[in-house]
Amino acid sequence: MGFPLEMVCEVIQEHGEENEDKLLEELLTYSVLKSAPKSPVKVEPNPCSSDCAVSSWDDLSDSDDTSSDYEETTKSVSVSDGKLLSLVKMGYKEEESLIAIERLGPKSSLEELVDFISAAQVVKAEDVLLPSEDQPRYVDNAKLKKLRYYEYEVLGRKKPRVCEKKILNNEDDENDYDEVLHLPNPMIGFGVPTKSIFITHRKLPKEAIGPPYFYYENVALAPKGVWQTMSRFLYDVEPEFVDSKYFCAAARKRGYIHNLPIENRFPLLPLPPRTIKESFPLTRKWWPSWDSRTQLNCLRTSICSVKITDTIRKNMEDYDGEPPQHVQKEILYQCRTFNLVWVGRNKVAPLEPDEVETLLGFPRNHTRGGGISRTDRYKSLGNSFQVDTVAYHLSVLKKIYPKGINLLSLFSGIGGAEVALHRLGIPLKTVVSVEKSEVNRNVVRSWWEQTNQKGNLIDMNDVKDVGVECLEQMMNSYGGIDLIIGGSPCNNLAGSNRVSRNGLEGKESSLFFDYFRILDLVKNIMTNN
């Protein structure tokens with residue numbers, strides 16, 4: 001692959017040669033650091049960063065000493081740390097990534113580093129909007145409102161820093177501001193059942209007011225420009241960002257663009273457990289004291305190999321009592337990466353498909369049977385909705401459609417929306433499910449039959465077949481469409497994918513444009529009829 005022999009030997013000596021992905025990451029990091037320029041590399045910042053940590057938002061500045069700080073910081077960062085490379089690949093400037101690592105320390109997580117950088121970008125974004133002292137000043141209400149939205153609802157500040165400042169009406173500055181999108185911390189959207197903070201009112205653009213109602217999910221930490229593009233296409237509706245860790249024992253950062261009402265939401269009951277040990281009580285007996293995890297990371301579409309779990313077992317058995325800290329650290333790294341749980345003395349194992357189903361809010365064995373392989377089960381579950389989260393957002397529809405709902409489900413996988421509506425007690429009059437995966441279509445069909453649904457289920461495998469004539473025929477036969485729901489498969493958008501993370505240009509994520517096309521057709525048909 002072209003790496004220098006000395007570098008390869010050094011990395012293998014430090015990390016061993018069993019985890020090829022880890023070795024490649026370290027080699028790439030070595031290459032980046034050894035070739036780092038003395039002056040900052042100009043890389044456009046990623047507007048779609050992770051949670052924004054308000055507490056440290058003043059820690060980065062635009063001082064003129066950036067270059068000298070950069071050189072000092074470079075020396076203080078361990079070359080074995082792959083976090084710098086990950087941050088640069090996510091679109092952050094190399095110098096601000098290095099400063100974040102220096103300020104938070106080499107043991108800080110990637111999420112904490114992203115929080116730190118994005119917090120500083122909030123300040124920079126606001127400063128862009130402020131005129132110099134010698135320029136005329138007056139209040140632009142639209143911009144002030146946008147800043148207050150970020151102050152109160154996204155950043156969660158008690159008092160807006162800019163409410164008394166005058167904002168210059170400059171189109172270029174507004175574009176600069178719009179280029180920066182920050183995710184909230186805590187990531188609770190307009191509120192979650194387990195937090196006391198709720199936002200009950202928002203003003204939607206006129207074009208977005210339903211019905212039909214629409215609801216689109218995407219991974220929160222998407223490549224640069226993805227959320228801006230989707231929001232622009234979906235009538236400039238601001239996304240609502242929610243982490244499923246407030247609904248279950250697994251973190252799952254997602255964004256939702258929708259025009260649903262947000263007042264009078266209610267959760268599915270009983271509330272599911274939100275810690276690992278509550279979800280899997282049999283693991284308590286075997287859980288080591290130095291494994292401080294209380295929740296799992298995002299549930300992926302694949303699992304780790306037997307080789308990794310066996311290596312962990314052997315490493316644990318090499319020591320009487322607790323292993324040394326460096327061994328603990330490596331084991332925890334693997335456990336966090338692959339969501340491993342302790343199932344016996346010195347034994348870890350990945351989650352079983354039925355355990356993943358439970359965490360995601362699906363009925364047990366939802367994806368089991370019917371010739372579906374274990375691999376397909378993991379893949380389908382990894383790309384599905386978290387039912388409790390979605391149900392909380394959709395709960396407002398129960399009063400609006402007490403007699404039932406007509407649902408158009410576009411490439412939403414194994415029926416997360418249908419399960420959520422069913423568990424909310426909203427009758428499914430007609431469901432048109434457009435899903436290219438035969439495996440997923442079979443799962444939805446099986447669930448439909450097992451739950452004795454009384455309505456109509458129409459499944460289609462090609463979204464290209466959904467045009468004006470098709471929609472008009474459906475709506476003439478079954479009535480208007482009340483809700484259009486969809487979501488992008490994670491593959492082209494997730495940060496863990498380093499091969500085909502090409503945003504909305506990806507083969508799967510480009511389906512978003514079909515979602516908008518169909519939504520717009522439905523709105524036009526309903527308006528004209």
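Screening region 363-374 for residues that are under 26 Å from P272 (Cα atoms) and in contact (Cβ under 8 Å) with a residue 12 or more places away in the chain and picking the one that is surrounded by the fewest Cβ atoms within 10 Å (Cβ to Cβ) gives G369. Selection of helices (runs of 4 or more DSSP H) fully inside region 377-488 by the criterion of at least 3 residues being within 29 Å of D243 (Cα to Cα) returns 387-394, 397-400, 416-423, 438-450. With respect to the conditions (1) of a type in the set (S, T, N, Q); (2) free of Cβ contacts under 8 Å to residues at least 24 places away in the same chain; (3) closer than 16 Å to L394 by Cβ, S409 lacks only one, and its number is (2).
Among residues of region 274-285 being loosely packed, with under 15 Cβ neighbours inside 10 Å and of a type outside the set (D, E, K, R), the one that is nearest to the chain's Cα centre (by Cα) is T275. In the set (1) under 25 Å from the mean Cα position of the chain (by Cα); (2) of a type in the set (S, T, N, Q); (3) not assigned by TED's automatic domain parsing to the domain that holds N476, Q325 fails one condition alone, (1).
Give V439, V468 a once-over and let me know the one that is surrounded by fewer than 17 Cβ atoms within 10 Å (Cβ to Cβ), hydrophobic (A, V, I, L, M, F, W, C) and in contact (Cβ under 8 Å) with a residue 24 or more places away in the chain. Quick ask: steps written out before the conclusion?
Values: V439 fails: surrounded by fewer than 17 Cβ atoms within 10 Å (Cβ to Cβ).
Step by step, each of V439, V468 is checked, and only V468 is surrounded by fewer than 17 Cβ atoms within 10 Å (Cβ to Cβ), hydrophobic (A, V, I, L, M, F, W, C) and in contact (Cβ under 8 Å) with a residue 24 or more places away in the chain.
Residues in region 194-234 that are in a helix (DSSP H, G or I) and β-branched (V, I, T): V226, T229.
The values are calculated or read from the model by the stated rules, or taken from the named source; none is laboratory data. Treat the numbers as computed from the prediction; the structure is a model and nothing was measured. Note that each Cβ is placed from the backbone with ideal geometry, even for glycine, and that neighbours are counted across all protein chains shown.
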